[in-house]
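*Asks:* Sharing a structure, written as C-alpha cells. Questions coming.
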Amino acid sequence: RFRSSSCVVIDQVGEECVKKEELHGLLIDYLKYNILKIGKNLYLQKIGICQGSVISPLLCSFYLGHLERDQIFPYLEGADKQRNVTNMSKEPVVKSCMLANEGSMLGPGSPGRPIKSKNYDTSCSGSSVIIDGVSSDTQHWCQDNHVMEVHNNGTEHDNLSSPKFLLVRWIDDFLFISTSLPQAHSFYERMKRGFGKYNCDMNKNKFGLNLGMEQSGIVVGMDGTKFLPWSGLLLNCDTLEIQADYTRYLGLSISSTITVESIGFGLASLKAKLRDYMRPKCHPLFYDASINSPKTVRLNAYQAFLLCAMKFHCYLHRISNKIELHPCYLFEAIEQSFGFMYTLIGKQMRKMEACSSINPFLELKLEEMIWLGLSAYIWVLKKKQSRYRDLLSLLRCKISVYGNINHASDPLKYAIEDSHSSVFQCIRF
C-alpha cells in the first residue's frame, strides 16, 4: 500500500507463454553453450552447469535423483539381498534396536510443500520407519528452487532382522543414517568409489562419518557431545537431535557477516535488523518437541540469541560514527525481537502443519523465550561492559522480574551452561 494514495497494488507481474520446443532449446543453449570470460579470453564450459543460476539447483537435483535410482538404490538392494542370504545360513537372532541411539551416520537446510512423486522400490531395506511424521513412501520437498529428497526404506511387514535406514539429499549433500553398522559402512565405501558414469566423485575433504571406531569430520563440544555436521546443521551422534552449526563463524569476525545501509540508522532500522538476524533461526526443526528434547529446544533458542546479540553489537559499532541510540531505545528493540521470534516460530509450525503431514509441536513458553534472550544478551554484552553499562542495567532489571526461573527448570539451566555453547567463546565480534 502506498502512503501517497489509497490504492493497493495487486499484481504487476507480466505473463508470457513459452512453447515446449522453445523451452527445450533454451535449456540446450544453457547447458552446452555457456560462455565464460576470464580476463580477455572467452571459454566454452564443457563440463557441469553454470553455478549461481536460479535453475542450476533444480537441474542438479534431477541429475542426482537419476543417479540415486540408477546406482544407489540398486546397490542397497543388492547388498541387502546378499546380507539376507548370509543370515539364512545362521540361527536367526532378533535384537531390538532404536534408531535414536544405535544409528550409524555419514554425510557431507528446510521442508516445504510436498509434491506428488513416483514411489521407488526400496523394499529391500527392511522395516519401515517414520521420520518427523513422514511415512515410509518417498517424499520430495521443494522450496525456493532448492530440493531435498527424503527416502525412507519400507516394507509391507515389519521385519526386525532387517536394518532401518534413512537417505536424505539436500542439493548435492547426502546424509545416510542406518541402524546397521555394516550397511552404513557399505554405503560409505560405495560413495567413496564414486560414479564414473555420472562423472561424480565424493569430495574427500568434505565428508563426515560416525561408523563405530571409524570417525571423521565429527564436531566435539566442550561437554563431550559429538555431532555430525550436515548442510548447516549439527546432528547429535547419540540422540539424532538437531542444532544449528555455528562453527562456520570460527576464524572470522561477526562484523564481516553483516551489512549496514548508507542511510537510515534509527530505531526502526535497528528493529528490522534484529528481525532479519533472528529469522533464519526460527525454523521448526530446531524447536519441534518431537525431534528435540526440552533441553535442546531451549539451547537452540539461547544460541540463536547469542549470535543475534553479537551482530547487535557489531551493527551498533558500525553506525556509532553516525548515530548513537539511547539505552532505552536499544532495550526496546531487543525486547521486541524476543516476541517476534516466538511468534514467527509458531507461524512456521502452523504453516508446516497446514501444508504437509508433519505436525511439529512447540512446548517452549514465551516467558522462557524472553528469559533465554535476556540471558544471552547479558552474556554477550558483558564482554563489552564499558560500552553497555546502562543497557546491561536495564537487561538485569528485566530478567529479575522472572526470579530464579532457571533454578526450577533443568532445561533452562542446561541451556545457559557455557560448556554446551563452547563455540561462542571462540567467535570474534
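*Asks:* What tally of residues in segment 21-43 results from selecting those that are at pLDDT below 90 and in contact with a strand residue (DSSP E or B) (Cβ under 8 Å, 6 or more places away or on another chain)?
*Replies:* 5
*Asks:* Any residue in segment 299-311 that's over 19 Å from A272 (Cα atoms): show its pairings with residues that are of a type in the set (V, I, T) at Cβ separation under 8 Å, as long as the two are six or more apart or on different chains.
*Replies:* Filtered contacts from segment 299-311: Y302/I416.
*Asks:* Looking at K197, K295, K281, K226, can you tell me which residue is at pLDDT 90 or above and in contact with a Cys (Cβ under 7 Å, 6 or more places away or on another chain)?
*Replies:* Answer to the check: K226.
*Asks:* Limited to segment 292-322, what total is found for residues that are open to solvent by 30 Å² or more (accessible area, probe 1.4 Å) and in a loop (DSSP other than H, G, I, E, B)?
*Replies:* Qualifying residue count for the region: 4.
*Asks:* So which of L234, L166, L228 is within 24 Å of Q82 (Cα to Cα), outside any helix (DSSP H, G or I) and aliphatic (A, V, I, L, M)?
*Replies:* Exactly one residue qualifies, and that residue is L166.
*Asks:* Filter segment 176-192 down to residues that are closer than 14 Å to F73 by Cα and in contact with a strand residue (DSSP E or B) (Cβ under 6 Å, 6 or more places away or on another chain), then give me how many there are.
*Replies:* 4
*Asks:* Another question, if that's okay. Determine, yes or no, whether F361 is over 28 Å from Y249 (Cα atoms) and of a type in the set (F, W, Y).
*Replies:* Considered against the rule, which asks whether it is over 28 Å from Y249 (Cα atoms) and of a type in the set (F, W, Y), F361 comes out as yes.
*Asks:* Let me ask another. For segment 406-419, enumerate the residues that are surrounded by 18 or more Cβ atoms within 10 Å (Cβ to Cβ) and not in a helix (DSSP H, G or I).
*Replies:* N406, I416
*Asks:* Now, a different point. Which residue out of S375, S337, S357, S393 is in a loop (DSSP other than H, G, I, E, B) and either touching a Lys or Arg at 6+ places or on another chain (Cβ under 6 Å) or hydroxyl-bearing (S, T, Y) (or both)?
*Replies:* S357
*Asks:* It is to be established whether one or more residues within segment 60-81 are under 19 Å from D201 (Cα atoms), open to solvent by 40 Å² or more (accessible area, probe 1.4 Å), modelled with pLDDT under 90 and under 22 Å from the mean Cα position of the chain (by Cα).
*Replies:* No; the residues of segment 60-81 include none that is under 19 Å from D201 (Cα atoms), open to solvent by 40 Å² or more (accessible area, probe 1.4 Å), modelled with pLDDT under 90 and under 22 Å from the mean Cα position of the chain (by Cα).
*Asks:* Within segment 28-54, how many residues turn out to be open to solvent by 60 Å² or more (accessible area, probe 1.4 Å) and not in a helix (DSSP H, G or I)?
*Replies:* 16
*Asks:* Of the residues S422, S386, S393, S356, which is modelled with pLDDT of 95 or more and either exposed (fewer than 14 other Cβ atoms within 10 Å of the Cβ) or out of contact with any helix residue (DSSP H, G or I) (no Cβ under 6 Å at 6 or more places or on another chain) (or both)?
*Replies:* S393
*Asks:* Pull up segment 187-225, narrow it to residues that are in contact with a Leu (Cβ under 8 Å, 6 or more places away or on another chain) and part of a loop (DSSP other than H, G, I, E, B), then point me to the one that is surrounded by the fewest Cβ atoms within 10 Å (Cβ to Cβ).
*Replies:* Across segment 187-225, the extreme among qualifying residues is G212.
The values are calculated or read from the model by the stated rules, or taken from the named source; none is laboratory data. Note that the coordinates shown come from a computational prediction; the quantities given were computed from them, not determined experimentally. Neighbour counts are summed over all protein chains in view; Cβ atoms, including those assigned to glycine, are modelled from backbone coordinates with ideal geometry. Just so you know, the surface numbers come from the protein's heavy atoms only, side chains and all, with ligands and any DNA or RNA stripped out. Shrake-Rupley method; radii C 1.70, N 1.55, O 1.52, S 1.80 Å.
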